[in-house]
């Protein structure tokens, strides 16, 4: 009992120490690196690339000799079983105990194995590009959620500053009302503004918690962890021209390269199925010995020769397979064309969104400057008694709106640039 109590106190003490540990600082690059280490989608894409490499080895094994060992032990029962039905030279009817090795080496199948190997190589390249596409998607997701968390924190900071300013106004107006310098209506208006600011703070705190939860999921973390986000990035430069961006996307986007290699693989398989109509020439050899030393059989044996296999009739299966693979190659080509058209559209849309975000950022900066000036004038006029509390409340509301709009615009601009970099295949 005492031991259990000690263990419980030690566990509680460890938990308390863990709870007292300060949250870790986290940059956007660290968040992306953590996402790549933990995210299952990227891990699965890497495994698919490894799977394609093993499939390539399996296909290329046809170029190398194959050897098979045999051990046979047969009791024929009667000597006249030699007349049993079966193959023309059916050795299974003899009593024997023998072992041997059979070796076969492909000489040529008129390019079919080469085409299959080429298709497997294209599948490896496609899988590698698929893993890269998954990597870029994970990076975009992590960066976008990181910026969204920073955005939520920036809005929360504005909300808290707004609440402090309006609390100060309530205190000032209440003091003036006690001295009969302001009316109770002014106090009521100030309190309404304060309560609105409290609602804004509560909503912003919930948005921050939700953004941090989304960031943890984007980083592949199952259990919540406390982080202090370090905003070590500046607002990026404006986007470039459309033409170079579109050309860059068509050249380097990994999802397009994945489809290109899949198209190449389908064309190689189509060529291999077409070559299945041609013969296959192989060198074969066998060697072994007999333990039973039967008078009908030699003590050992060896033979070698060439084996030519010619497909004559397979019920139309070879022709149908050839047509099927040719159609699959055409389908893959059309899928690539569609993806390229969609990529061009996505780059244009991302470029429009980025340009709009930069314009909005410039406008909101001017808006905040003008709103701040108007708020200072409204405060001065209200303090001098030349305006009402309504005018001051409107100026406070406009300044808060402008500050929140600027915080949203700054991080939205960075998100849109990250999306544009993703669309052209340049996110890192």
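Nothing in this text is a laboratory measurement; each read-out follows from the coordinates by a stated rule. Computed from a predicted structure; not experimentally measured. Every residue, glycine among them, receives a Cβ derived from its backbone with ideal geometry; neighbour counts consider all protein chains shown.
Here are a few things to note about the model shown:
- Residues residue 60 and residue 235, FRET efficiency given R0 of 56 Å [Cβ-Cβ distance, rounded to 0.05]: 0.65
- Computed log₁₀ I(q)/I(0) - Debye formula, equal Cα scatterers, no solvent, region 238-292, q 0.30 Å⁻¹: -1.10
- Evaluated at q = 0.11, 0.12, 0.14 Å⁻¹, a Debye calculation over the C-alpha positions of the chain (equal weights, vacuum) places log10 I(q)/I(0) at -1.01, -1.09, -1.26.
- For region 275-427, the Stokes-Einstein estimate of translational diffusion at 25 °C and a viscosity of 0.890 mPa s comes to 101 µm²/s, using the Kirkwood hydrodynamic radius over alpha-carbon pairs.
- Tilt relative to the chain, helix 28-38 - C-alpha long axis, 0 to 90 degrees, to 10: 30
- Annotation: peptides 60-69, 385-394, ranked by per-residue average of other Cβ atoms within 10 Å with the highest first, follow the order 385-394, 60-69.
- Listed peptides 310-320, 347-357 by packing density, highest first (mean Cβ within 10 Å): 347-357, 310-320
- Helix 2-20 and the longest principal axis of the Cα set of the chain meet at an angle near 70°.
- Degrees, to the nearest 10: 40-60 long Cα axis against longest axis of the chain: 20
- The translational diffusion coefficient of region 185-301, from Stokes-Einstein at 10 °C and 1.306 mPa s with a Kirkwood hydrodynamic radius over alpha carbon pairs, comes to 65 µm²/s.
- Extension reserve of the residue 172-residue 334 stretch, reckoned as 0.36 nm per residue once the Cα distance is removed: 51.2 nm
- Among 179, 277, 398, residue whose mean-square fluctuation peaks in a GNM of the chain (springs only between Cα atoms under 10 Å): 179
- Length added when fully stretched, residue 352-residue 365, from 0.36 nm per residue minus Cα-Cα: 2.7 nm
- Nitroxide proxy distance, nm - points 7 Å out along Cα→Cβ at residue 51 and residue 103: 3.7
- Taking 110, 291, 189 as the candidate residues, the one with maximal mean-square fluctuation in a Gaussian network model of the chain, Cα springs under 10 Å, is 291.
- Per-residue packing, averaged as other Cβ atoms within 10 Å, sorts the ranges 46-59, 127-140 into the order 127-140, 46-59, beginning with the highest.
- Across 361, 397, 156, mean-square fluctuation computed from a Gaussian network of the chain (C-alpha pairs under 10 Å connected) peaks at 397.
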